[in-house]
Amino acid sequence: MGEMENTGLNATVDSNKKEDRDAHMPVTPLNETRLKEKYGELYEIAVMVDEDDVNAGRCVRFLFKRPSTASFNCYLKTASKDMMKASGIFAQNNIIEEQAEEFKKECSTYPALALGMSRKLLDVLGLSDNINFRQI
């Protein structure tokens, strides 16, 4: 695979494919310092999306603010009924507004993207699959 090139906070794409690089360049670069001032603590979540064996290796990155208790409670209420919908709403509620439209576009292409990113955001709140238990 070729060298990866960072195209800003919206996406990272394979630098060998100029047409992909140009198509995923952010319209306005995001200033991380101003974003931290606006949102406080930020979390970057990057996911490698593989369409097929030929088009493998595209990485998308998004910034999320720390999930609020209200957002988590909303997720819990809807997760048992519809996990995909709950994950999508949870991710949309916590992504920075500057990337919300790009995130929706990526989720329309990759429907499980919100599920994976939501799971990482839930880890921030302490919900983890990596929990050990033993009787003593």
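Whole number in Å², please: accessible area per residue of the range 75-124, 1.4 Å probe, ligands, DNA and RNA not counted. Mind showing how you got there, number by number?
Details: 2650 Å² over 50 residues.
Value returned for the range 75-124: 53 Å² of accessible area per residue.
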Rounded accessible area of residue 108 (nearest 10 Å², 1.4 Å probe) | 90 Å²
Treating the beta-carbon of each Lys and Arg as +1 and of each Asp and Glu as -1, no other charges, what is the dipole magnitude of the range 34-136 about its Cα centre, to the nearest 20 debye?
-> 520 debye
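With a 1.4 Å probe and every protein chain kept in, tell me what percent of the accessible surface of the range 42-136 is carbon plus sulfur.
53 percent
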Stretched fully, the stretch from residue 108 through residue 77 gains (0.36 nm per residue minus C-alpha distance, one decimal, in nm) 8.8 nm
Could you work out the local net charge near residue 41, counting Lys and Arg as +1, Asp and Glu as -1, over the other residues with Cβ closer than 15 Å to its Cβ?
-> +2
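The values are calculated or read from the model by the stated rules, or taken from the named source; none is laboratory data. Small disclaimer: the values here were computed from a predicted structure and weren't measured. Cβ: placed from backbone, ideal geometry, glycine included. Neighbour counts: every protein chain shown. Heads up: the accessible areas ignore ligands, DNA and RNA and are worked out on the full protein's heavy atoms, side chains in. Shrake-Rupley method; radii C 1.70, N 1.55, O 1.52, S 1.80 Å.
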